[in-house]
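Structure first, commentary second.
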Ligand SMILES: [Zn+2]
C-alpha cells in the first residue's frame, strides 16, 4: 500500500525517513514522526477497531490520549496491551493489532452481538450475575468481551526505572500556557520541572495554524524551548505524562523511552512546592445516531492530522459544531483540499468573527446532524433544523464534530480541588484548590491562545514572586459556545453513543435513570459510562448533560464523577521500576548459605524473606525418602539445623518484667536469671499474635524470641506499646536477630556431640536443665547455649556471633560425624513438630483459635488481673459458641495422606465444614501418616471418626490427642 | 504520599513510616468495664471528615512513634483542634 492520503508537503514528519510497520498482519509505510493513527490515515485505513460490547466497526476518533475508539495491542518486543492508537509512535518493525476483534476488525465474529443488542442493556452485568445463574453466561461473555491480553514475556530489551526529584514549581503541560509559565518562573531562577505528554512541546499549537507576534506560533515554541533548555534550573521532559496528583504536591510522571531503547519507561516522583496545571482542554463529542461510525472524528483531531501529519482523514466532510473552534478547522481542511460539504451549527446565531474564516462555505445555522449513515465508513449524514424540520441528506465520508471543550481538570480534581460549572464555556472548571496549585490556560477555562499566554505568564510570575510581563500578540478567534448535550431532533433509528469505548448510549443512561440509578456515580457504574481506559475523556460531560436534561436540573447539581489517577494508562513496569523480584525485597541469608548450597540443599523462603534449606536430597532419593531420613536421624541419632532466622530481641531496663507480664498471657516476671519460659502473645482483641521463648539473662536484661516471620511485626507492636501506652516505663528494645547465629543440635546423641565439641559448660541434666541458658565456650568459641526444643528431642541451641558461625558449623559437623550427624531442613522440622503437636503460626494458629482451643489453657494466667487480650478471650468464650479445637488425626488407611488444608465435614457429606486439616506428615516414629486438625468440639471427640472431604471422595480418620511422640515430654527434658 | 514531620528527623516521605491507625479512646479498665463498652473500645475507631489524630511509626528512620493530626479532606497535617488538649 502507498500513502495515498498523504499531502505532498507540510506536516511535522520526516519524509526522508520511511518507516515500515505492520497493522493487523498487513505491511504499511509511514514516516518518522507519525503516530500509528496518522500513518494509518495516510494509508487510507478506516476500520481500526471493534467496539467492546457490540463489536461495531470503529475508526480513529481523536488524535491523542483522548482517543476513545481504537485501542491496539503491540506485538513482539514492544508487547503491550490496550494502547490508544493515537499515542503509539511508529518505528521500523513495529507490529500492532486491534483489540476486541477476532479474526479481524473487517470481519469480526463477535459482531454477532450487534444482533442481540436488546439483550445487552445497561446494567446487564449486574442483572445477569444475579439471575438465574451467571455461570450460564460467563463463558460467552468472556470470549466476546475483554481487551488485550497481558504480555507473556518480560520486555526483550531495556528496563524500567524510577527517579525522585524535587522542584519549586512543577508544570504539567508544555502547551502555550505551560511554556509561558515555565519561561517566567525559569527566568526568575526557580527550580522548574516541566513535563509534557506529547512527543514535542507546543500542545495545541502543533496542530493549529496560529501566529504569535506575527510569526508562526511554532517559531515561538521553538525559541521558548531553546531558552528553557539553556536554563540550568529548568528540567524539561517530553513524552512524559503527569498521571497522578498525590498528597502534599507529590506528582507522578511517566516518561516514555527517555534514552532510546535502553530505558523503556521512567517513573518520576516529583515533590513540588507549587504545581501549575497547564493541561489544556479536550474536545467533546457530539451525540447523534450512529455517531461512532468510522469517519466520524473530533474536529480538532482532523485539524491535527491535516496540519501536523499532512494526512487527509477524508475527501468530503461535514462539520458539526456548537461552538467557534470548528470554523478554523474547516478553513484548514479546505486549504488542505478537503471539500467542506456543509458546516452544521446548532446555534441560530453564529458570531461573525468566525464565519469570516469560512467565506464561501455552506453554513447551516440552527441545524443538527441527526444521524450518520454507512456501516464501515460514513457515507452521508442526515441533517435537520434543531426543531426537527426539513430533513436533508448530505453525502460525505468524514464528519468533523466539535461539541465544545472540556478543561482537562483531571489533575486538579485528583488533588481534591473542587469544580464548578462555567456557563460561558459550558463545562466544569477548577474552583477551590485543596493544595498549592494553579490552573492556567484552557485547563482553567481560558480558551484562547491570548488568554493561555497571559494566564501562563501570570502564574509564572505569581510563583516566582514577580510581576507579570506583557505577553505577545496572537491571532485566534474568540471562543463561544451554546451547549448541545445530545441531539434531540428525531432522525433515523439507531444508537447514539455517549461513551464510545464502553458502548454506552443515550438509551442506556435513560434506562439507568428509570431504574433509579440517579446519582451520577451510580449512572457511571450501572452503565459503565466513563469506565473505559480513556476514562470518558470525550464523553463524560455529555453523560452529565444527558442526566441533567432528563432530570431537569443544572449540570452543577448533577456534578462530576470522581477523577482518579492514572490520567492515562500506565504500565505496571513503570510503576514497579527496577523493584522487581529479589530487588524489590532482598533475601536474607545466614552465614552458611554457601554451605547449604554446597551440600545440595533445596532452598525455601521461610518467612521474612529468609532463605533456608528445605531439605538436603541425596542421589537416588525421592522427596519423601529425604524427609524421612532427616527426621529419623533426629529421632534416632542427632541432627543439626541453622536456627538463626528466629526473631530475637534483647529487652533491658527496670520495668521489663512488668512489660512482659502485660504482653504475654503467662507470668514472666518471676523467672530466675538463666531460666526461660514459653509464652503466648495476644492482640487486644484476643487473637494469637505470636509465640516464643523468653529468657531472663540477669535482673534487668531479657531475651525474647519470636517466630521468624513475625519478628518485624512484634518489634512494631512492642515499640508502639512502650512509646504510646507506657512512655514512663523503663524498657529498651534492641533487635539482635542478626547479632546471634545458632546451630541447633538435636537428638538423643546431642549431648555426645556437645561433649565431643568441647565446652566449659556443665552439660549434665541436673545442672543444665531444659529451659535454661548458659554462657561459655563451645569448641573454643564464645557461645550462649540454650536448652529449648522445637523437635521434642534433647536439644542444645548453640548461639555464637555471626563471624564465628561458619567455624562453629564446621566443628559441629566434624565432631558429630562419629554419631551420624546430618544437617536437616525445614521439611523434617515440620514432621518433627507435627509428631509432637507443637504449634505453627499459620497452620494451627490461624487467627481464630485461642489458647484453650489449642490445649494450652495453662498458658492463660488466672493470677494476673490484666494482660493484653485477656478480657477479649473471656468475652468470646462466654458466648458459649462451639469452638474448633486442636486434635490429632490418624487416617484409617495408614498409607493415605490427607492434603494439608482439606476440610472436615459431618459424615463426609458435601455440606458446611466442621473443621480443617492443619498439617499432615509421614511420621517416622508411627510409620504412618498422622495429621493435626481444628475440629468442632474436637476435645470431646477423641476416638470418634472424622471425615476429610475431598472433591471426589472422603478420607475417614480417627480423632486422637494431638501428639504422636513422647507425650510425657521426657526426651526433651533428658 | 504524605510528608510527615518527625520530631527527630524532620520532614520525611510517608514511605519511611508505617501507619499506626487513628488514636481511639483510652483503654478502659478491662476488669470493670461493661461488655458493650469493651467491644466499643475494640471496634469503633474515629473516622471523621476533618482532623483526625493518628499514629505513625518512623520505622525506616529513628523508630519514633509519633502522633499527628491530619485533615482527612485535604491530607494537610494540622494543629490539634482547639477543643482537644
Ligand atoms: Zn524520625
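Go over the candidates A:643, A:674, A:653 one by one and state the one that is crowded, with 23+ Cβ neighbours inside 10 Å and in contact (Cβ under 8 Å) with a residue 60 or more places away in the chain.
On the way: A:674 fails: crowded, with 23+ Cβ neighbours inside 10 Å; A:653 fails: crowded, with 23+ Cβ neighbours inside 10 Å.
Unique residue meeting the criteria: A:643.
Could you tell me how many of the residues in the range A:692-734 are modelled with pLDDT under 95, within 14 Å of chain B (Cβ to nearest Cβ) and within 28 Å of residue A:809 (Cα to Cα)?
Selection size over the range A:692-734: 2.
I'd like the full set of residues that are more than 17 Å from residue A:865 (Cβ to Cβ) and assigned to a helix (DSSP H, G or I), limited to the range B:29-49.
Those that are more than 17 Å from residue A:865 (Cβ to Cβ) and assigned to a helix (DSSP H, G or I): B:35, B:36, B:37, B:39, B:40, B:41, B:42, B:43.
In this structure, is residue B:63 within 16 Å of the ligand (Cβ to nearest atom) and closer than 25 Å to residue A:871 by Cα?
Values: within 16 Å of the ligand (Cβ to nearest atom): yes; closer than 25 Å to residue A:871 by Cα: no.
Taking the combined requirement at face value, the residue does not satisfy it.
With respect to residue A:225, is the statement that it is more than 14 Å from every other protein chain (Cβ to nearest Cβ) and in a strand (DSSP E or B) true?
On the way: more than 14 Å from every other protein chain (Cβ to nearest Cβ): yes; in a strand (DSSP E or B): no.
No.
Please enumerate the residues belonging to the range B:33-60 that are within 16 Å of the ligand (Cβ to nearest atom) and either at the interface with another protein chain (Cβ under 8 Å from one of its Cβ atoms) or modelled with pLDDT under 95 (or both).
Result: B:55, B:57, B:59, B:60.
Can you tell me which residues in the range A:24-46 are within 33 Å of the chain's Cα centre (by Cα) and surrounded by fewer than 23 Cβ atoms within 10 Å (Cβ to Cβ)?
Result: A:24, A:25, A:33.
Within the range A:185-195, which residues are buried (at least 24 other Cβ atoms within 10 Å of the Cβ) and touching a helix residue (DSSP H, G or I) at 6+ places or on another chain (Cβ under 7 Å)? Walk me through how you get there before you give the answer.
As a first pass, look at the range A:185-195 and keep what is buried (at least 24 other Cβ atoms within 10 Å of the Cβ): A:185-186, A:192-195.
Within the range A:185-195, A:185, A:186, A:192, A:194 meet the criteria.
Only one of these is surrounded by fewer than 17 Cβ atoms within 10 Å (Cβ to Cβ), touching a helix residue (DSSP H, G or I) at 6+ places or on another chain (Cβ under 7 Å) and touching a residue at least 40 places away in the same chain (Cβ under 8 Å): A:706, A:735. Name it.
Working: A:706 fails: surrounded by fewer than 17 Cβ atoms within 10 Å (Cβ to Cβ).
From the options A:706, A:735, the qualifying one is A:735.
Report, by residue number, each residue of the range A:692-723 that is farther than 18 Å from residue A:657 by Cβ and either outside the structural domain of residue A:681 (by TED's automatic domain parsing) or more than 33 Å from the chain's Cα centre (by Cα) (or both).
A:723
Name the pairs whose Cβ atoms lie under 6 Å apart, with the first residue in the range B:1-25 and at the interface with another protein chain (Cβ under 8 Å from one of its Cβ atoms), the second within 12 Å of the ligand (Cβ to nearest atom) and part of a loop (DSSP other than H, G, I, E, B), and 6 or more positions between them or separate chains?
Matching pairs, first to second residue: B:18/B:59.
Sort through A:793, A:827, A:797 and tell me the only one that's out of contact with any helix residue (DSSP H, G or I) (no Cβ under 6 Å at 6 or more places or on another chain) and either part of a strand (DSSP E or B) or modelled with pLDDT of 95 or more (or both).
Going through A:793, A:827, A:797 in turn, just one is out of contact with any helix residue (DSSP H, G or I) (no Cβ under 6 Å at 6 or more places or on another chain) and either part of a strand (DSSP E or B) or modelled with pLDDT of 95 or more (or both): A:797.
Of the conditions (1) part of a loop (DSSP other than H, G, I, E, B); (2) within 13 Å of the ligand (Cβ to nearest atom); (3) within 16 Å of the chain's Cα centre (by Cα), residue B:5 satisfies every one except a single condition; which number is it?
With respect to (1) part of a loop (DSSP other than H, G, I, E, B); (2) within 13 Å of the ligand (Cβ to nearest atom); (3) within 16 Å of the chain's Cα centre (by Cα), residue B:5 is out only on (1).
Which of (1) within 11 Å of chain A (Cβ to nearest Cβ); (2) modelled with pLDDT of 95 or more does residue B:69 not meet, given it meets every other one?
(1)
Output the number of the condition that residue B:77 fails; it satisfies all remaining conditions of (1) within 16 Å of the ligand (Cβ to nearest atom); (2) at the interface with another protein chain (Cβ under 10 Å from one of its Cβ atoms); (3) more than 20 Å from residue A:249 (Cβ to Cβ).
Looking at each condition in turn, residue B:77 falls short on (3).
The values are calculated or read from the model by the stated rules, or taken from the named source; none is laboratory data. Please read these numbers as outputs of a predicted model, since none were measured by experiment. Don't worry about glycine lacking a Cβ; one is built from the backbone with ideal geometry, like all the others, and counts go over all protein chains shown.
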